[in-house]
1. Any chance you could count how many residues in region 210-230 are of a type in the set (S, T, N, Q) and open to solvent by 80 Å² or more (accessible area, probe 1.4 Å)?
2. Can you pull out every residue in region 108-131 that is farther than 18 Å from ARG194 by Cβ, basic (Lys, Arg) and not in a loop (DSSP other than H, G, I, E, B)?
3. Can you name the residue in region 77-107 that is open to solvent by less than 20 Å² (accessible area, probe 1.4 Å) and charged (D, E, K, R) and is also nearest to ARG195 (Cα to Cα) among such residues?
4. Any idea which residue in region 111-132 is surrounded by the most Cβ atoms within 10 Å (Cβ to Cβ), counting only those that are closer than 30 Å to ALA174 by Cα and of a type in the set (D, E, K, R)?
5. Report, by residue number, each residue of region 159-182 that is surrounded by 16 or more Cβ atoms within 10 Å (Cβ to Cβ) and either modelled with pLDDT under 95 or not small (Gly, Ala, Ser) (or both).
6. Is one or more of the residues making up region 133-140 closer than 26 Å to MET100 by Cβ and either in contact (Cβ under 8 Å) with a residue 60 or more places away in the chain or surrounded by fewer than 16 Cβ atoms within 10 Å (Cβ to Cβ) (or both)?
7. How many residues does region 209-230 contain that are hydroxyl-bearing (Ser, Thr, Tyr), part of a strand (DSSP E or B) and over 19 Å from TRP180 (Cα atoms)?
8. Determine which single condition THR184 fails, assuming it passes every other condition in (1) over 17 Å from LEU217 (Cα atoms); (2) in a strand (DSSP E or B).
Amino acid sequence: MSSRSQRESSKTSHCSRKPSFKRAESREQSKSYSRSPKRQSKSNKSRVTSENRTLILFNKPYDTLSQFTDGQGRKTLADYVSVKDVYAAGRLDRDSEGLMVLTNDGLLQAKLTQPNSKSPKTYWVQVDGKPEEEDLEKLRHGVVLKDGPTLPAEVRIIPEPDIWLRNPPVRYRANIPTTWLAITIIEGRNRQVRRMTAHIGYPTLRLIRCSIGQFELGELQPGEWKTLTL
């Protein structure tokens, strides 16, 4: 196998492992089966079909907002994606990079973002320092942040991913090593992964989302996007 094939295989494996989170049917999901026929008819009428569904995978660059408009002249999704009437299924912070799903399908959007759906999201995270397994075990059991305890996360130390250079680059300090982690969560709080790693004493230097639910970043480069059919 060539060195490039090995890198591509390694890159895929970090994001394609299926999380072991247990999924429990919520009360809201149970209630959905008892809706009246009239309400079901209204919902079906407005539902996006496979013929008119738009689904886009986008690699959000660093220093770009996860929205299409901004009154302050900052970079937005509109600087890269020309497709109209699609919306982000979940957000990424301005200083984070990686996979975003854009769609006109409200049901798909809800499936990927609503807490009850427990849709897994995996991130490549470069942290300052060299955490030990006992440090990572705290994240696996959940830590208490200012807005409450987190659910257990899947956390692994990984080799540095074969990815693009960031502009501007991450700060480099010769006397302090950095470590790459693959972190999978089923929540979506504001800056959650960054706060989790800071809580155990290892601040996040770079964060790249590589998968959301069934969708993966693949070989998309920053600013690139592609359409999919479901």
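1. Residues of region 210-230 of a type in the set (S, T, N, Q): 211, 214, 221, 227, 229.
Narrowing the set further to residues that are open to solvent by 80 Å² or more (accessible area, probe 1.4 Å) leaves 214, 227, 229.
The qualifying residues number 3.
2. Result: LYS111, single match.
3. For region 77-107, the residue satisfying everything is GLU97.
4. ASP128
5. Scanning region 159-182 gives PRO161, ILE163, ARG166, THR178, THR179, TRP180, LEU181.
6. The answer is yes; a qualifying residue exists.
7. The initial filter retains those residues of region 209-230 that are hydroxyl-bearing (Ser, Thr, Tyr), namely 211, 227, 229.
Among the residues that remain, those that are also part of a strand (DSSP E or B) are: 211, 227.
Still in the running and over 19 Å from TRP180 (Cα atoms): 227.
So the answer is 1.
8. Failed condition: (1).
The values are calculated or read from the model by the stated rules, or taken from the named source; none is laboratory data. No experiment lies behind these values; they were computed from the predicted model shown. Heads up, the Cβs are rebuilt from the backbone with ideal geometry, glycines too, and the neighbour counts pull from every protein chain shown. Note: areas computed on protein heavy atoms with side chains; ligands, DNA, RNA excluded. Shrake-Rupley method; radii C 1.70, N 1.55, O 1.52, S 1.80 Å.
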